[in-house]
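The values are calculated or read from the model by the stated rules, or taken from the named source; none is laboratory data. All values derive from a computational prediction rather than experimental measurement. Cβ coordinates were reconstructed from backbone atoms using ideal geometry, including for glycine residues, and neighbour counts include every protein chain displayed. Accessible surface areas use protein heavy atoms only, side chains included; no ligands, DNA or RNA. Shrake-Rupley method; radii C 1.70, N 1.55, O 1.52, S 1.80 Å.
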Amino acid sequence: AAVAHAQGGLIALVHTQAAGDAGPVDSMIAKLKQLAEEKGLEHRAIYAQDPATYETIFRTLGDAGAAVVVSTFNEVAEPFKAVAPSYPDTKWIQLFGDPFEPAIPNVVTVSYDYYLGCYLSGIFAGRISKTGKIGFIGGISIPPLNADFNALKAGVLSVRPDATVTAAFAGSFQDPAKGQEIATQMFSDGIDYIQTDAAATDFGIIAAANEGPGRYVSALDPAQFKLGPKSLISIVGLDFGVSLYNEATKAVDGDWTGGSHVNTGLGTGVIEFMLSPLFQDEGDPDMVARSKEVWAEIEKAKAGILDGSIEVPFNTTL
Amino acid sequence: MSGQLGAIIRAVVFILLALAACGVIFEFAGYSAFQMFHSIVDGAFLRRNALEHALRWALPLFITATGVVISFRAGYFNIGAQGQFYVGAICAAFVAEWLRGYPGGVVIPLCFAAGMTGGALWALWPGLLRLRSGADEVITTLMGNFLAGLLLVYVTAGPLKDPSGSGQQASSRPLEAAYRISTSNGVSPTIIGIAILVGLAMWWLVNRTAFGVLSGLGGRNPTMVQWQGASTWKIGLASFLISGALAGLAGTIELMGPNGRLAGGFLPAHGFTAVLIALVAGLSITGAAIAAFFFGGLASAALYLPVMAGLPSAAIDIVNASIALFITARSRLVDTLTKAWRRPWKTS
Amino acid sequence: MRGNDDAILACRNVAVRYGDVTALDDVSIAFPRGMIHAVVGQNGAGKTTFARVVSGLVRPDQGAVEIGGKLIAGGNVNDARRAGVELVHQSFALPPSFTVAEAMQFGAAGGALYTRAALERRWQAHLDALDVKVSAGARIRTLTVEQQQAVEIARALVTDARLLILDEPTAVLSPEGAKKLFERVRRLKERGVTVLLILHKIREVLAIADTVSVLRGGRLIDGPLPASDIDADALASLIIGPSAKMLAGEDRAALTGAAAPRGAETETGPIAGPPVVSLRGVSTRPDADGPALQAVDFVVQPGEIVGIAGVEGNGQRTLVRAISSLADIAEGSLELAGRDVTNATLSQRRAAGLRVIPFERNVEGLSLTSPLWENWSAGQLLARPLLAAISPSALRRECKSALDAWDVRYAEVGQPAGSLSGGNAQKVILSREMDESGKLIIAAQPTRGLDIGATAFVWDALRKARDGGCGVIFVSSDLDEVFDLADRVVVMLSGRIVAEFRPPFDLTRVGAAMTGARA
Amino acid sequence: MEDVVIAILRSGTPLVYVTLAGVIAQRAGVWHLGLEGLMITGACATIVGIVLTGSVVFALLVAVLICIAGSVLFWFVVEKLKANQIIAGLGLTGLGLGGTSLAIQSIFGSQAAISAPFGLPRLGAAFGAYGVLSVLVLVMPVVVFLCWVLLCRTRFGLRLAASGEHPFAARSVGVDPSAMRLAALVIGGALCALAGAELAAGSLQIFSQNMTAGRGFMGFAAVIFGAGHPLWATLAALFFAVVGALGIRAQLVFGDRVPHDLLLGLPYIATIFGVWLSARLRGGAKSATGGFGELRDS
Ligand SMILES: Nc1ncnc2c1ncn2[C@@H]1O[C@H](COP(=O)(O)OP(=O)(O)OP(=O)(O)O)[C@@H](O)[C@H]1O
Ligand SMILES: Nc1ncnc2c1ncn2[C@@H]1O[C@H](COP(=O)(O)OP(=O)(O)OP(=O)(O)O)[C@@H](O)[C@H]1O
Ligand SMILES: [Mg+2]
Ligand SMILES: [Mg+2]
């Protein structure tokens, strides 16, 4: 009933990972709020932690007459396919998903090649690591994270065949203490560069890096820069928020092409491997210099990926 | 039964108390308690297809809860329904995957058999540890839940992973349509039939067999049935196995019915809600049917709350938790008020 | 009644009600200091309740209690303890995992922080001073009943107790142990402690008490009367009241412990034929539940009641458990009605004719929160396969007729067993355990806590079973009762059968056998 | 070696605090499954307190008070309303997990993790490599010792134990078992607050939802494993910390051959093993038939 009163209708984000990651989910929620305020819409951010409930939530949103429903990851594909046709007046956006076969006219899917960013991070790691030992810490060993790890490893090995790349998982995206424990063990094993992929668990990884010199972390969101001015050297950024804002604006404003698939990522600014500006100012000058040195190589690899001369394998099993 | 009516009234009183407490919390947190109650009632009972929405959650909850009733009556605090539910679903998913292509008439029964066996096996080891060594089943089954959760992650990202598309899903391939026992709305004659069958069978087991009476006696006083010559071992193990099998059955139904695929981390609170239902029902099967329906309504309302009232999902966790906190409470005042419905003798 | 000023304890119009039961009814009494007072009465007369009111554990619904002329707040243990009242419970209140020293310490004042050695030193001195031969470091659960009682008394004396109440302290003791206890009580009296003894047996009252008071049905019948002014017969009449007439002389004596019954020879005697039970060289594996049996040879003929006497905790329980297959037999063989059942389960033994009335009515005998009919039908349900269909309505009917035949007072068969009085609950067990096909009935403490009527009822039932050709094993710590009922008495000590007696029984000799003194 | 000790101390300390809370409750006769909820409340209150007031002492005080309030609520429900301890405890846990999420949502307007500008004081350079640990790590052995003294060497401890083991015995010397349970839960509440504070502010300075991640339940398992004795239970908690550290090590060493999820399950498997072992040591199947009457209500 409350929803019906909103002037411009309802825009909803159904996120399938918990908020509070200082990363994708938080940035999507922030952008959703911003968009809703700009356009005078009612907004809802709903955390659907349980795959069995996705469909019910989508139906409820459809019944409530939502104008736009945004959700994330491939696991909502089946529920979208089941629900979207029954609510033709609602526009459905799936971020980080595969194209639908066949397409549904009121659904837009967006995919990102995040793993390519991890590949670049791998090259960077291979070049700047002193020990030749690289680590990767994920939340849970699920296919997209496995793919990120494999790409990272491929990147490292492409420039430093004798390096080792070790993966570990915290078992939760919300356990910073465990992240800290894992990272501490990795660092004391001689690993000096860790790529994180674990949402709120990242906080612990960065905290562990802050405890000693010569420990570097690459995380995933600009919001994390300030947590490790001397240790957070780079990020593999994926600006979900911007992507959400772009796609949802199209849907609200009407220049929307339903039934389409957008593949975006490296080269479009949505996915970017970037150095932390804070680290450039405050980090170990040697390392800053070194990272500038290897940057050309990163740019080259990026160009190679974009023009197809470098092929990065996509492999979702460990 | 008049005794049970008293118990139900007590449960209702404390659920209302719990909801009132939640209302206060929400007001403090800056949300409208009135809106919350309004949305709960609306979502559970008044909106379009409310009955169907409630049944979708109530049916598997009921089946799991009857299993909990069986083990609690026998005196074993098996709170591992969640893990047994997962393992059941996993086993059924394996069978469905291996036998892909065979006719539904063959595969579906085999899936059910596998699901129930899986659930039973996941209850077997805590049962053995309890009965042979006295290892507390509260902890072992709780740990079993965590382990089953990891197992689910493992199989959905590993052996059973759906390779289609970019292969980024943590879930199994969708089941073949022929193996589905309901559409994604989760209510079908088959599922309702299974639930009724389970209800009748368990009602019969509890109320019309030697096992029912003896396990009830043993649950309240194991020493006494031992002095009567019962093998607490046999009854205990059977209770663990039955409750595990039923949780596994519910997992299978979720898989082959509404979900249609095995997904990582589905229904994480299912087992816990089933425990609440069994307790609210006063460990009776008919009571469990009623309570399951109530909690089914609550579950469907819970999904409605964030949409309609804009409450964060934590709010629903709080509602469930407060109900758990108060549900087993007893109070003189309430007892006095419900005295009219209870029997004359005192049971102290 | 005397004036209150020289009274250590004075009660005025004290009443306690538990629901519909009036445990104490308008009791007014005063006890002079420096004496040994006995309070006697039948089971359920309200003796324990009286003791609890005085010690502050139970708040009286009405009336007041004065200790040494000072009014104490009802239902406040600390107030009563400050006034110098200490109570030794009928069933001991000592946490089993505590050491003796800890059990003393937790009720004591002073020394809030301690070391283990200091604690043990402190309390060992206390124990030694009271001549209690127990190590302060021993765990309560490893102590014998007599030791536990001595510890309880020592615990009660950790403060400067001026009024010590002992609730049925002799119930668990051998005659020898009772004698020692009385000596201890006399010494306490010399030290200026007033002692209130709650007792069951007239013989004991006359042996120790300076005054005696009688409770019946919650009312004070008379007292405190100087013990020298009253004889056993008069006291028995006061205790039993009008129902005394319906009891045979020996039974009456057994109930009140007025004189030790010597057990008349029965005319019938045991029936010839194979024994209903025979144990040959039976030893059990040690477990936490009492001493193991050691090479026990024991036979019961059909048509006889064999009494098992002994201080509690000397293997009577293990014997019953071994025959019921609840204790592991390590050596020897066991036959029931001519069949070897050494390795048989309890349900097989039950099928062979074994019936058991267990020690703890409310724990081993009944599930208090379950309905009567379930309790009643447990035995027969166990004889069927687990998944056998049953008809609750038929079972309820059968149960109803059985309970009616046994004269059980109840409202309906669906009511929980815990809502019955002790006597009626015991009758439910009897109705379950005593059927035509039983060949051996083990009756373990079957009359504990029952009132006169119920006790007599149980005795009659056991006699009837004996006359019908059953063998009966009758375990009781009350020698009077054993002598009255049994055709033969064996005495157990430390897991062995050390003596066997035939009527006429001699209290002194049996008592000596119980403590191991050679008779 | 040093690293290993630091890792174990760091992950073990919150576990030890929460375990001690469980031990005290267990001794008084309460099966405390609400530990997890109190611990997360302590974690949240500490970080939010630091952020809002800028004072660690004040934040700790607030955390302790809130956890004590939660304990009193639990006591009221269990003792006065006679609710089932296990279910009510799980309810308390749910309330803590949900309540903290809701709290940060309504205070900060988002569920984002809250990071504090500083955390608990660290030991500092004087302790060498151990300087990264917080003062609560150093205090931990003291607290363990105090708990041991309190429970095993004072009359209060005896009374507490008697209230759990034999309430009637307690009552008959004038001890009110219900009041003792209140005392036990209040002390336990304070310890849970410290556990949460150490977890969130000991070396992290962050609060994120669900960050206790089952540590409260591990603490409860340590209570059972340690047979309710403060020292044994502390060892059990440290044992779990060791297993956790070994689990990570195993991931780093065998991660490419053995599924990570299996290795992540090691602490749970260790817990099961511990519970089994302690049951064995305490007389095996005997207690299996001990029975707990109607739904284990004590
Ligand atoms: N082992 C047990 N522990 C606790 N409560 C039990 C146990 N067994 C039975 N109950 C009690 O049983 C009652 C309901 O069970 P029961 O089967 O007797 O009722 P019923 O009406 O016959 O069952 P139904 O409604 O399923 O037909 C409840 O009051 C519950 O408290
Ligand atoms: N807590 C209680 N709740 C209900 N009734 C009780 C309670 N305690 C005692 N009664 C009842 O009060 C009456 C008096 O009991 P009390 O224990 O005082 O008798 P007693 O003389 O000590 O008997 P006994 O020789 O068996 O110890 C009995 O009918 C008993 O059943
Ligand atoms: Mg008596
Ligand atoms: Mg008494």
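For this structure, a couple of remarks:
- Filter pass, C:V54 being away from chain D (no Cβ under 14 Å) and within 16 Å of ligand 2 (Cβ to nearest atom): no
- Matching residues, the range C:77-126, being under 29 Å from C:T170 (Cβ atoms) and among the β-branched types (V, I, T): C:V77, C:V85, C:V88, C:T99, C:V100
- Test for C:A461: is it closer than 28 Å to C:G338 by Cα, surrounded by 18 or more Cβ atoms within 10 Å (Cβ to Cβ) and small (G, A, S): yes
- Lone qualifier among B:A281, B:A299 - being in the same structural domain as B:G158 (by TED's automatic domain parsing) and open to solvent by 30 Å² or more (accessible area, probe 1.4 Å): B:A299
- Of all the residues in the range B:310-335, those that are more than 7 Å from every other protein chain (Cβ to nearest Cβ) and over 21 Å from the mean Cα position of the chain (by Cα) number 5.
- Yes/no for B:R48 being surrounded by fewer than 24 Cβ atoms within 10 Å (Cβ to Cβ) and either at pLDDT 90 or above or not in a helix (DSSP H, G or I) (or both): yes
- Residue in the range B:15-35 that is in a helix (DSSP H, G or I), in contact (Cβ under 8 Å) with a residue 40 or more places away in the chain and of a type outside the set (A, V, I, L, M, F, W, C) present: yes
- Within this structure, C:L57 passes the test of being away from ligand 1 (no atom under 16 Å from the Cβ), of a type outside the set (S, T, N, Q) and without any contact (Cβ under 8 Å) to a residue 40 or more places away in the chain.
- Residue ID - nearest to C:R252 (Cα to Cα), chosen from residues in the range C:467-486 that are over 20 Å from the mean Cα position of the chain (by Cα) and surrounded by fewer than 24 Cβ atoms within 10 Å (Cβ to Cβ): C:D467
- Check on A:M287, in a helix (DSSP H, G or I) and either closer than 21 Å to A:L220 by Cβ or under 21 Å from the mean Cα position of the chain (by Cα) (or both): yes
- Those strands (runs of 3 or more DSSP E) lying entirely in the range C:31-146 with at least 1 residues more than 16 Å from ligand 3 (Cβ to nearest atom) and of a type in the set (D, E, K, R): C:62-67, C:70-72, C:85-88
- Test result for A:V262, in contact with a Leu (Cβ under 7 Å, 6 or more places away or on another chain) and part of a strand (DSSP E or B): no
- Those helices (runs of 4 or more DSSP H) lying entirely in the range D:123-190 with at least 3 residues away from chain C (no Cβ under 14 Å), among the polar types (S, T, N, Q) and open to solvent by less than 10 Å² (accessible area, probe 1.4 Å): none
- Some residue of the range B:292-305 being within 13 Å of chain D (Cβ to nearest Cβ) and not β-branched (V, I, T): yes
- Within the range B:197-216, the residues that satisfy the criterion of being more than 9 Å from chain C (Cβ to nearest Cβ), farther than 13 Å from B:L283 by Cα and either within 16 Å of ligand 4 (Cβ to nearest atom) or over 15 Å from the mean Cα position of the chain (by Cα) (or both) are B:L197, B:L200, B:A201.
- Against the test of being modelled with pLDDT under 80 and more than 16 Å from ligand 3 (Cβ to nearest atom), the options C:A150, C:A161, C:A234, C:A248 yield a single qualifying residue, C:A248.
- Residue match in the range A:45-54 (condition: within 20 Å of the chain's Cα centre (by Cα) and more than 10 Å from chain B (Cβ to nearest Cβ)): no
- Every listed requirement among (1) open to solvent by 40 Å² or more (accessible area, probe 1.4 Å); (2) within 12 Å of another protein chain (Cβ to nearest Cβ); (3) free of Cβ contacts under 8 Å to residues at least 12 places away in the same chain is met by C:Q90 save one, (3).
- Of everything listed in (1) in contact (Cβ under 8 Å) with a residue 24 or more places away in the chain; (2) assigned to a helix (DSSP H, G or I), the single unmet condition for D:Q111 is (2).
- The condition (being among the polar types (S, T, N, Q), more than 30 Å from C:F359 (Cα to Cα), touching a helix residue (DSSP H, G or I) at 6+ places or on another chain (Cβ under 6 Å) and at pLDDT below 95) is satisfied by just one residue among B:S172, B:S166, B:S215: B:S172.
- Residue in the range C:153-165 that is within 15 Å of ligand 4 (Cβ to nearest atom), more than 14 Å from chain D (Cβ to nearest Cβ) and in contact with a strand residue (DSSP E or B) (Cβ under 9 Å, 6 or more places away or on another chain) present: no
- Taking the range C:405-433 as the range and being open to solvent by 30 Å² or more (accessible area, probe 1.4 Å) and outside any helix (DSSP H, G or I) as the test, the residues that pass are C:W406, C:D407, C:R409, C:Y410, C:A411, C:E412, C:S421.
- Residue pairs whose Cβ atoms lie under 8 Å apart, sitting 6 or more positions apart in sequence or on different chains, and linking a residue in the range C:199-213 that is in the same structural domain as C:K179 (by TED's automatic domain parsing) and aliphatic (A, V, I, L, M) to a partner that is within 15 Å of ligand 3 (Cβ to nearest atom) and assigned to a helix (DSSP H, G or I), are C:L199/C:T170; C:L199/C:V205; C:I202/C:I239; C:I202/C:T256; C:V212/C:V205.
- Of all residues making up the range A:57-91, the number that are at the interface with chain B (Cβ under 7 Å from one of its Cβ atoms) and either closer than 16 Å to A:P105 by Cβ or within 26 Å of the chain's Cα centre (by Cα) (or both): 6
- Enumerated strands (runs of 3 or more DSSP E) restricted to the range C:299-400, each holding at least 3 residues that are more than 7 Å from chain B (Cβ to nearest Cβ), more than 24 Å from the chain's Cα centre (by Cα) and of a type in the set (A, V, I, L, M): C:329-336
- Residue list for the range A:28-42, filter: more than 9 Å from every other protein chain (Cβ to nearest Cβ), touching a Leu at 6+ places or on another chain (Cβ under 8 Å) and open to solvent by 20 Å² or more (accessible area, probe 1.4 Å): A:K31, A:L41
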